[in-house]
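Written below as structure tokens is the structure these notes are about.
The values are calculated or read from the model by the stated rules, or taken from the named source; none is laboratory data. Treat the numbers as computed from the prediction; the structure is a model and nothing was measured. With ideal geometry, Cβ positions are generated from the backbone for all residues, glycine too; neighbour counts draw on all protein chains shown.
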């Protein structure tokens with residue numbers, strides 16, 4: 001089992017092929033409410049057993065609030081405006097790092113970023129013949145087109161537009177079995193039945209084109225575009241076999257990833273997050289947006305009197321319940337045949353609102369969920385901590401709190417793209433990916 005993971009953990013990263021290692025790399029988190037930039041260099045640490053391990057050493061950080069209407073539900077609405085904000089953030093990080101990177105990994109999230117696992121059983125006519133490269137390519141092509149058409153139909157139904165253009169951005173092979181026997185690499189094996197499981201992440205072409213345009217305006221080389229929920233699943237906070245439900249609450253969207261029995265099963269989102277709570281405070285307290293945001297943050301950090309805290313909880317009560325219903329609807333869309341993990345991990349700036357963790361931990365809510373959803377026991381709700389991203393060292397010592405977990409996770413994943421720690425999928429899978437594009 002352990003040996004087979006060498007092949008099963010291969011990843012596909014759509015972007016330019018990595019060149020030789022450079023002094024530093026940029027990870028850019030373009031969110032609905034904030035743009036965050038992290039500059040890191042590749043360093044090494046030694047473990048107790050004397051083995052060295054490559055880590056992303058963060059040397060520069062930048063953060064800037066987006067202007068109104070630059071982003072909508074996680075998607076770019078104003079290319080020029082977002083590019084200008086990104087430039088400010090990169091300059092901040094570069095000044096701290098005293099170095100300006102030329103290559104970037106960009107994280108994306110939002111309502112139309114779709115991730116799903118497709119299982120495919122291929123019956124071979126000649127079971128005694130060993131599997132060759134051409135046959136493997138044919139199997140992978142079939143499963144990838146099947147997955148592509150399924151996701152495109154789903155997005156077309158959700159948007160009401162039958163011709164939505166999407167692109168494959170990340171792919172992972174969680175499992176390969178031949179006649180029920182799990183293998184690391186199917187090449188050279190005989191057998192009658194090949195089972196292949198592929199997890200794919202897709203994004204709308206218009207969204208990706210906007211990001212590529214921004215990268216060009218910033219005069220950077222795009223190393224890869226990755227789905228932020230996918231980057232989160234690489235966090236060491238996950239117990240590989242127990243898994244977890246990861247909930248990233250940003251400004252415009254809530255992104256949910258399900259990892260079950262060591263496999264990423266899906267990524268789904270809905271457009272209700274931190275900005276909705278801020279706007280509710282605006283309306284109820286007759287405040288402008290900056291004032292309402294300040295009140296919300298002070299409420300989140302318990303810096304207000306108990307009477308004011310109680311009043312804000314009452315104002316936000318219905319919105320928090322609607323948000324919870326959204327989470328429940330998303331969870332109902334996942335496969336219900338197996339138990340859900342009993343751990344819920346929170347991150348993102350919106351998760352700081354105490355009402356979020358409180359309602360997820362409420363006994364009555366958990367009892368309802370255990371009746372409706374396949375939980376074997378009441379889920380435990382926790383925050384992802386920065387220390388749990390074990391291949392990242394925050395030398396800048398500023399990336400604290402749930403709102404900075406995604407930039408850290410992006411840095412960790414960027415390191416894996418940059419180094420040999422993750423093996424790139426065989427050329428056959430990359431060729432299929434290019435056809436999909």
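Annotations for the structure displayed:
- Hey, residue 406 outside the structural domain of residue 139 (by TED's automatic domain parsing), at pLDDT below 90 and in contact with a helix residue (DSSP H, G or I) (Cβ under 7 Å, 6 or more places away or on another chain) or not: no
- Cβ pairs under 8 Å, 6+ apart, first in the range 301-324 and in contact (Cβ under 8 Å) with a residue 60 or more places away in the chain, second part of a helix (DSSP H, G or I) and surrounded by 15 or more Cβ atoms within 10 Å (Cβ to Cβ): 323/276; 323/356
- Checking residue 61 against (1) touching a helix residue (DSSP H, G or I) at 6+ places or on another chain (Cβ under 8 Å); (2) modelled with pLDDT of 90 or more; (3) over 21 Å from residue 23 (Cα atoms), the condition it does not meet: (3)
- Screening residue 44 with (1) free of Cβ contacts under 8 Å to residues at least 12 places away in the same chain; (2) part of a strand (DSSP E or B); (3) farther than 21 Å from residue 416 by Cα gives one miss only, at (3).
- Condition check for residue 121: in a strand (DSSP E or B) and exposed (fewer than 13 other Cβ atoms within 10 Å of the Cβ): yes
- The residues in the range 362-396 that are without any contact (Cβ under 8 Å) to a residue 24 or more places away in the chain and touching a strand residue (DSSP E or B) at 6+ places or on another chain (Cβ under 9 Å) can be counted, and the count is 2.
- Summed over the range 151-166, residues that are at pLDDT 80 or above and surrounded by 19 or more Cβ atoms within 10 Å (Cβ to Cβ) total 2.
- Selection count where residues are modelled with pLDDT of 90 or more, surrounded by 15 or more Cβ atoms within 10 Å (Cβ to Cβ) and part of a helix (DSSP H, G or I), scope the range 369-394: 2
- Filter result (within 28 Å of residue 386 (Cα to Cα) and touching a helix residue (DSSP H, G or I) at 6+ places or on another chain (Cβ under 8 Å)) within the range 332-344: 340, 344
- Cβ-Cβ under 7 Å pairs, at least 6 apart or on other chains, the range 88-111 side surrounded by fewer than 19 Cβ atoms within 10 Å (Cβ to Cβ), far side assigned to a helix (DSSP H, G or I): 100/94
- Among the residues of the range 76-109, those identified as part of a loop (DSSP other than H, G, I, E, B) and closer than 19 Å to residue 413 by Cα are 101, 102, 109.
- Screening 212, 221 for residues that are more than 18 Å from the chain's Cα centre (by Cα), closer than 25 Å to residue 107 by Cβ and free of Cβ contacts under 8 Å to residues at least 40 places away in the same chain leaves exactly one candidate, 212.
- Subset of the range 79-101 [modelled with pLDDT under 90 and under 25 Å from the mean Cα position of the chain (by Cα)]: none
- Count of the range 112-144 residues which are touching a residue at least 40 places away in the same chain (Cβ under 8 Å) and closer than 13 Å to residue 198 by Cα: 12
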